[in-house]
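The values are calculated or read from the model by the stated rules, or taken from the named source; none is laboratory data. Just so it is clear, the structure is predicted and the values come from calculations on it, not from any experiment. Don't worry about glycine lacking a Cβ; one is built from the backbone with ideal geometry, like all the others, and counts go over all protein chains shown. Remember, those area values only see protein heavy atoms, side chains included, never the ligands or the DNA or RNA. Shrake-Rupley method; radii C 1.70, N 1.55, O 1.52, S 1.80 Å.
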Amino acid sequence: MAAPTPGRPVLTHLLVALFGMGSWAAVNGIWVELPVVVKELPEGWSLPSYVSVLVALGNLGLLVVTLWRRLAPGKGERVPIRVVQVLSMGLLVLLPPPSVPTGVLGSGLQVGAPGAEEEVEEASPLQEPPSQAAGTTPGPDPKAYQLLSAHSACLLGLLAATNALTNGVLPAVQSFSCLPYGRLAYHLAVVLGSAANPLACFLAMGVLCRSLAGLGGLSLLGVLFGGYLMALAVLSPCPPLVGTSAGVVLVVLSWVLCLGVFSYVKVAASSLLHGGGGPALLAAGVAIQVGSLLGAVAMFPPTSIYHVFHSRKDCADPCDS
């Protein structure tokens, strides 16, 4: 076995960071363009719900391949690693925005401090550990038993629920909650909401909440902001304070605080699960992707099929009366 190259951990972390930033830039670029194109394309105000479903489906192939390799070791080894690489690159623009420090393959910007080979191993819950990729059989991992605890189950449930809201439910109705206040309000909500994500991640690196009750309280705060945004979407095209500066400020601030709070909760929950090792990170990755997919799929029928939420016509102002 060749001796490890001294600069290899640093290079690995750099490449993972660049890969994550690429997916981040691509996906956020699509969302930032929506305020401009949402009124021009045939889908209209329902366009974000289509994008949410596509984003959630983007990681489905990687998730299936990873679970197949984990749950069927004998047959799973027949799946070439190049398949995973091709899926990763081909679906790069469909990966969800980064939300956790450990992330999912291609969707996380944050990585551990260079120099720890063990952390490189666990940098992504959807990657194969080097021991399995090399064809060796790893010994039983005692950390796997931590997944059976109620505390870990609550963290996984919290991850699934918060990702369902931030990657599926709320993005699908963002146009209906913002566009009644104008295209500028929609643009500011998207841009500043995207900026709140990394700021919350950096905050969690310095101040990490380790209390399950504290994370639950923060989640409840995020739900309150999300409930307000959902109410605005339901009342579209005539929500409260429409046509006023106060309405614009409230909707933009609600989006920023909602996404910032939920981003912090996701980072904190993932960091706490990091102590469970590879099995815990794999479970976290599954919870993130399943939650995102369920949230996006659940919101597609009411927004795009049954048209529960209503858009405003450019030629008429239904809020005049």
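Structure notes:
Results for (1) under 25 Å from VAL64 (Cα atoms); (2) not hydrophobic (A, V, I, L, M, F, W, C), shown as yes or no for each residue.
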site: VAL261; (1), (2): no, no
site: SER270; (1), (2): yes, yes
site: HIS274; (1), (2): yes, yes
site: ALA287; (1), (2): yes, no
site: HIS307; (1), (2): no, yes
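- Of the criteria (1) open to solvent by 10 Å² or more (accessible area, probe 1.4 Å); (2) at pLDDT below 95, which one CYS201 fails: (1)
- Residue within the range 181-191 that is farther than 12 Å from LEU34 by Cα and buried (at least 24 other Cβ atoms within 10 Å of the Cβ) present: yes
- Of residues in the range 17-31 being open to solvent by less than 50 Å² (accessible area, probe 1.4 Å) and aliphatic (A, V, I, L, M), the one modelled with the highest pLDDT: ALA17
- Scan of the range 242-267 for residues that are more than 22 Å from VAL207 (Cα to Cα) and either among the polar types (S, T, N, Q) or without any contact (Cβ under 8 Å) to a residue 24 or more places away in the chain (or both), ordered by number: THR244, SER245, ALA246, VAL249, LEU250, LEU253, SER254
- Which numbered condition GLY139 misses (of (1) at pLDDT 95 or above; (2) assigned to a loop (DSSP other than H, G, I, E, B)): (1)
- Filtering the range 170-208 to residues that are assigned to a loop (DSSP other than H, G, I, E, B) and either within 18 Å of the chain's Cα centre (by Cα) or touching a residue at least 40 places away in the same chain (Cβ under 8 Å) (or both) leaves VAL173, GLY182, LEU208.
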